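Colleague: My structure is below; once you've seen it, I'll send some questions.
Taken together, the values in this text are just the output of simple stated rules run on the coordinates, not laboratory data. Fair warning: this is a prediction, and the values are worked out from it, not measured in the lab. Backbone-built Cβ (ideal geometry, glycine too); neighbour counts: all protein chains shown.
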Amino acid sequence: MLYEAHSGDITVVAGGDTMITRKLSVFREEPFMSLVKLFRDADVGFTNLEMLMHEFEHSPGQAGGTYTGSDPRNLAELEWAGINLVSCANNHSYDYGESGVLTNLRHLKASNLVYAGTGQNLSEAGAPGYLETPKGRVALISASSTFSDGGRALDQRPDLKGRPGLNPLRFNTHNTVDRTAFDELRRISASLGLEAQKEALRRFRWSGAIPEDTDTEFHFMGDRFQLGEEFKVETKLNSSDLKGNLKWINDARRMADWVIVSVHCHESGKHRDEPPAFLEAFARAAIDEGADMFFGHGPHVTRGIEIYKGKPILYSLGNFIFQNDTVRWQPSYNFDQVKLAPDATPADFYDARSENDTRGFPSDPIYWESFVVECEFKSKELAGLTLHPVVLGHDAPRAQRGRPLLAGPDDGRKTLERLQRLSKPYGTEIQVDKGVGYVKL
């Protein structure tokens with residue numbers, strides 16, 4: 001008798017960034033419950049968990065923007081909603097330092113959610129998480145290109161333990177400028193005394209810590225500039241991180257029936273809607289190495305869809321749950337940034353940060369219009385890619401907004417038209433019927 005997994009059939013439903021601070025299970029609107037049903041009916045329900053689970057028992061670490069924290073019981077709310085697989089590698093992984101990473105892991109391990117992307121050391125952070133389903137074993141590899149350097153996990157040594165943190169996907173930026181600009185950068189650096197500083201640092205640091213300049217390559221203010229005929233910016237993957245991530249994808253390919261790769265990436269190409277070249281290169285390399293699906297997230301907006309060798313690449317799923325303005329506490333650093341007195345309250349901070357919802361995330365509907373994707377495989381082949389637009393309550397009060405609802409045909413039209421436009425450069429055609437998008441395979 002064949003195992004059910006021998007069919008090669010599976011359905012995966014994926015949402016983007018989840019910043020959850022409140023219960024889900026108390027709500028009952030039809031558009032919300034229909035969305036929950038999508039996840040519950042799937043074999044795999046995925047999201048990027050961009051929220052640390054703790055009770056604010058740790059001192060703030062390195063972060064930017066919102067320092068994340070949520071009641072650990074909200075993991076059960078995600079389970080209630082049909083989520084069973086989460087990525088953890090993102091720029092908020094280190095909001096509360098090593099202790100925050102380890103506390104978050106402790107709560108995840110006590111839940112029924114399978115996770116990947118952070119760990120007690122680099123090997124654990126990079127290794128796959130495995131979800132057992134009736135349709136087969138599903139592996140998840142999670143990495144992030146956006147993070148503070150102190151937040152990336154480090155390998156163990158024979159004489160020193162590793163560092164808790166996230167699985168990194170670093171990249172190098174190469175700026176090309178013409179002769180006039182190249183010479184001017186050299187003049188500015190010398191005039192400001194930066195060249196003398198570089199030489200002093202080279203004397204006191206090990207070889208390679210401060211890169212050497214040449215006649216065609218110059219380092220200025222932390223960036224690398226190459227001499228060329230035109231102006232351009234190129235990004236290339238860090239070879240060590242590429243090798244490490246491909247190693248675990250290859251391992252997962254031999255240990256599981258299905259492999260999902262997830263990357264958190266705030267960086268962009270020439271504009272916000274375009275993924276950077278290094279992310280495109282990594283997504284294709286991941287599929288070449290054995291991944292079945294690639295889910296991107298991070299910029300809080302949606303990006304295009306590519307079908308590469310018959311496998312789906314979603315460069316950004318946008319937001320899924322976006323409750324970043326109801327995190328219970330924020331550190332004094334954030335209050336200082338908006339010039340608030342020590343006795344100011346969290347609501348004072350959120351009001352000041354967004355100037356009463358007139359700037360930042362609350363002011364722009366693009367952050368509150370997203371989609372979830374339903375990936376259906378039959379006999380190991382991609383048989384359907386369905387795009388369900390969602391709205392997250394852009395115009396709702398702070399206490400309500402951020403929870404996803406399936407969008408109606410009118411509300412979802414803008415989201416689908418945007419996906420059609422952004423996917424066209426990849427040769428991806430999206431057909432729309434009754435407010436739902438279908439990728440033509």
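Colleague: Gain in length, I188 to T214, computed as 0.36 nm per residue apart minus the alpha-carbon separation, to one decimal in nm?
Modeller: Difference between extended and current length: 7.7 nm.
Colleague: Suppose only helical runs count, i.e. DSSP H with n ≥ 4. What mean residue ellipticity at 222 nm does that imply for the chain under -39500 (n - 2.57) per run, divided by all residues and rounded to the nearest 500 deg cm²/dmol?
Modeller: Estimated from H runs of four or more residues: -8500 deg cm²/dmol.
Colleague: Sticking with this structure for a sec: For the chain, what is the percent of antiparallel DSSP beta bridges, rounded to the nearest 5?
Modeller: Approximately 55 percent, going by the DSSP bridge assignments.
Colleague: What is the spin-label model distance, in nm, from Q400 to K270 if the labels are put 7 Å beyond Cα along the C-beta direction?
Modeller: Label at Q400, label at K270, 4.1 nm between them.
Colleague: Quick one: which residues, 5+ away or cross-chain, put their amide H under 5 Å from the amide H of L166? H built at 1.01 Å from N.
Modeller: Under 5 Å from the amide H of L166: R152, A153.
Colleague: List the equivalent ellipsoid semi-axes of the chain in whole Å, largest first, each obtained as the square root of 5λ for an eigenvalue λ of the Cα gyration tensor.
Modeller: Listed largest to smallest, the semi-axes of the chain are 35, 27, 24 Å.
Colleague: Multiply the residue separation of T180 and E199 by 0.36 nm, subtract the distance between their alpha-carbon atoms, and state the gained length in nm to one decimal.
Modeller: 4.4 nm
Colleague: Which lysines, on any chain, are close to K339 with Cα under 29 Å apart, when same-chain ones fewer than 8 places away are left out?
Modeller: Leaving aside lysines fewer than 8 places away in the same chain, none come within reach of K339.
Colleague: Starting from the range 343-417, pick out the trypsin sites (Lys or Arg not before Pro) whose DSSP state is loop and whose Cβ has at most 15 other Cβ atoms within 10 Å.
Modeller: Answer in residue order: R359, K380.
Colleague: Between their Cα atoms, which of K23/K378; K247/K309; K23/K309 are more than 28 Å away from each other?
Modeller: The answer is K23/K378; K23/K309.
Colleague: While we're looking at this one, here's another question. Report, in degrees rounded to the nearest 10, the 0 to 90 angle that the Cα long axis of helix 194-204 makes with the longest principal axis of the chain.
Modeller: 80
Colleague: How tilted is helix 409-423 with respect to the longest principal axis of the chain? Cα atoms for both, answer in degrees (0 to 90, nearest 10).
Modeller: 40
Colleague: Something else about it: Could you tell me what % of all Cα pairs in the range 146-251 have separations over 21 Å?
Modeller: 53
Colleague: Given the Cα-Cα distance of K440 and R28 and 0.36 nm per residue of separation, how much length would full extension add, in nm?
Modeller: Using 0.36 nm per residue and subtracting the Cα-Cα distance, I get 145.0 nm.
Colleague: Okay, next question. Quantify how much of the Cα-Cα distance distribution of the range 57-164 extends past 18 Å, in percent.
Modeller: 51
Colleague: How far is helix 30-41 tilted off the main Cα axis of the chain, in degrees rounded to 10, range 0 to 90?
Modeller: 80
Colleague: Trypsin sites (Lys or Arg not before Pro) within the range 228-335: which are DSSP loop residues with at most 11 other Cβ atoms inside 10 Å?
Modeller: Here the sparse-neighbourhood loop sites are K270, K309, R328.
Colleague: Loop only by DSSP, 15 or fewer other Cβ within 10 Å of the Cβ. Give me the GluC sites (Glu not before Pro) in the range 257-360 that pass, ordered by residue number.
Modeller: Filter output for the range 257-360: E355.
Colleague: How large is the dipole of the range 272-340 about the Cα centre if only Lys and Arg carry +1 and Asp and Glu carry -1, each at its Cβ, rounded to the nearest 20 debye?
Modeller: 180
Colleague: Right, next: Would you list which aspartates and glutamates come within 16 Å of K161, measuring only between C-alpha atoms, while excluding same-chain residues fewer than 8 positions from it?
Modeller: Filter leaves E98, E124.
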